[in-house]
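The values are calculated or read from the model by the stated rules, or taken from the named source; none is laboratory data. These numbers were taken from a predicted model, which means no experiment stands behind them. Heads up, the Cβs are rebuilt from the backbone with ideal geometry, glycines too, and the neighbour counts pull from every protein chain shown. Accessible surface areas use protein heavy atoms only, side chains included; no ligands, DNA or RNA. Shrake-Rupley method; radii C 1.70, N 1.55, O 1.52, S 1.80 Å.
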Amino acid sequence: MWGDSHLAAGFFTEELARRLGPVDTLALPRLRPAGFGHAGGRGLVRRSCVTGPWRRESAHASAAAAQQPGPGLVSLVSQGPGAELAWDLRDAGGEPRHRSVQLLYTPAAGPVTLELGLDGGPAQTVVLEGGTAAAAVLELVSTGGALSVLRLRVREGLLRLQGLGLGLGPALAGEAPDRPEPLQLDLFGYPGATVAGWANASGTAHAAWFSARRYDLVVLAYGTNEANDPGFRVDAYREQLRRAVEQLRERFPQARCLLIAPGDRGVRVPRKRSHARVDLLRHARLHAQVATVQQDVARDAGCATWNAQAAMGGPGSAYGWVRQQPPWMAGDLIHFTPAGYRELARRLALDAGWLPR
């Protein structure tokens with residue numbers, strides 16, 4: 001699943017996975033895109049810390065990131081020596097589950113020297129050779145128990161980090177051979193992202209990350225940030241979305257595809273301002289236009305669609321959702337509360353026929 005901040009928060013996909021089966025059946029390894037440390041993003045690692053000279057680049061806004069995209073269409077690029085990262089790889093309950101971790105990166109023109117430390121042990125020096133490959137992986141494997149903490153420091157060169165891959169941990173090892181194959185759900189949500197990342201990204205470079213991954217379903221959940229652009233034009237958005245979906249179909253020709261249109265959005269009105277002078281459905285109408293375009297493009301590409309705004313109750317429903325107890329809409333009338341994201345996931349599962357009505 002690729003999308004913007006609505007997915008990056010993780011509440012929607014966590015509830016969707018729960019509706020589809022027990023959470024502990026989620027398969028590992030899974031991919032974690034390189035949006036480490038970005039506000040509003042939650043992921044597979046318990047905690048991440050980004051210090052020193054780093055720059056985030058997203059394919060929807062950066063030509064460099066579009067030419068060298070990671071699997072999540074976002075890169076974390078070091079800007080000099082001393083750039084550091086640390087990850088707590090344990091699960092939410094503090095239990096280590098991963099016995100291997102992969103650093104996903106795009107090779108630089110020259111070598112990059114790193115210092116890597118695992119679980120408080122002494123740092124080891126690793127040199128990543130330069131090259132022209134679109135995708136490269138450095139895998140660290142534990143010879144003992146599962147891994148807890150990984151630290152990285154750039155000593156020389158510039159590192160374009162594209163994410164993490166997390167490997168199977170002891171908690172899931174040695175399972176009964178007749179156990180059904182578990183669900184794998186990879187989440188690539190990034191705050192502020194638009195479908196332009198898919199439209200702009202180098203198809204060859206992006207496809208290199210998925211040569212060994214055969215997804216059954218690929219989901220694009222964008223539209224809020226596109227509609228928020230003051231220069232938003234329906235025709236231009238239609239063409240951009242068409243290019244993005246073409247890329248998706250080329251990348252994963254065997255997968256089913258689903259486009260999720262954004263939920264409703266309201267307008268915050270200052271207390272001293274009269275509601276009569278404010279167009280309360282201004283954003284809601286734009287989201288409805290986005291949904292219509294998605295339906296047209298999806299139909300031509302053989303993809304399914306789900307309209308979150310319609311599932312909420314249509315234009316203007318954001319105002320009812322914010323008055324729920326507990327509220328389902330956040331106070332900005334753009335995002336949702338954790339309870340709201342879970343409710344959206346429940347409604348998608350119902351509409352898709354994954355749950356009995």
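So which residues in the range 294-315 are in contact with an Asp or Glu (Cβ under 7 Å, 6 or more places away or on another chain) and outside any helix (DSSP H, G or I)?
The answer is Trp306, Pro315.
Anything in the range 332-357 that is open to solvent by 50 Å² or more (accessible area, probe 1.4 Å), in contact with a helix residue (DSSP H, G or I) (Cβ under 7 Å, 6 or more places away or on another chain), at pLDDT 95 or above and not in a helix (DSSP H, G or I)? List them, or say none.
His335
From Arg249, Arg265, Arg271, which residue is of a type in the set (D, E, K, R) and modelled with pLDDT under 95?
Matching residue, one of Arg249, Arg265, Arg271: Arg271.
Restricting attention to the range 54-98, which residues are part of a helix (DSSP H, G or I) and surrounded by 24 or more Cβ atoms within 10 Å (Cβ to Cβ)? Talk me through it step by step, then tell me what you get.
Applying the first criterion (part of a helix (DSSP H, G or I)) to the range 54-98 yields 63-67.
Result: Ala65, single match.
Which one is farthest from Leu159 (Cα to Cα) among residues in the range 41-52 that are of a type outside the set (D, E, K, R) and open to solvent by 50 Å² or more (accessible area, probe 1.4 Å)?
Per the criteria, the residue is Cys49.
Please verify whether Leu104 is open to solvent by less than 10 Å² (accessible area, probe 1.4 Å), part of a strand (DSSP E or B), farther than 30 Å from Ala244 by Cα and at pLDDT 95 or above, treating the condition exactly as stated.
Judged against the criteria, Leu104 is not a match.
Can you find a residue that is more than 30 Å from Ser202 (Cβ to Cβ) and free of Cβ contacts under 8 Å to residues at least 12 places away in the same chain anywhere in the range 248-270? It would help to see each step written out before you state the result.
Quick first cut of the range 248-270, residues more than 30 Å from Ser202 (Cβ to Cβ) only: 263-270.
Still in the list and also free of Cβ contacts under 8 Å to residues at least 12 places away in the same chain: 269-270.
For the range 248-270, residues more than 30 Å from Ser202 (Cβ to Cβ) and free of Cβ contacts under 8 Å to residues at least 12 places away in the same chain: present.
Would you be able to tell me the number of residues in the range 53-93 that are within 22 Å of Glu156 (Cβ to Cβ) and over 15 Å from the mean Cα position of the chain (by Cα)?
Going through the range 53-93 one residue at a time, the tally reaches 16.
His287 is checked against (1) at pLDDT below 95; (2) in a helix (DSSP H, G or I); (3) open to solvent by less than 40 Å² (accessible area, probe 1.4 Å); (4) not polar (S, T, N, Q) and fails just one. What number does that condition carry?
Only one criterion in (1) at pLDDT below 95; (2) in a helix (DSSP H, G or I); (3) open to solvent by less than 40 Å² (accessible area, probe 1.4 Å); (4) not polar (S, T, N, Q) is unmet by His287, namely (1).
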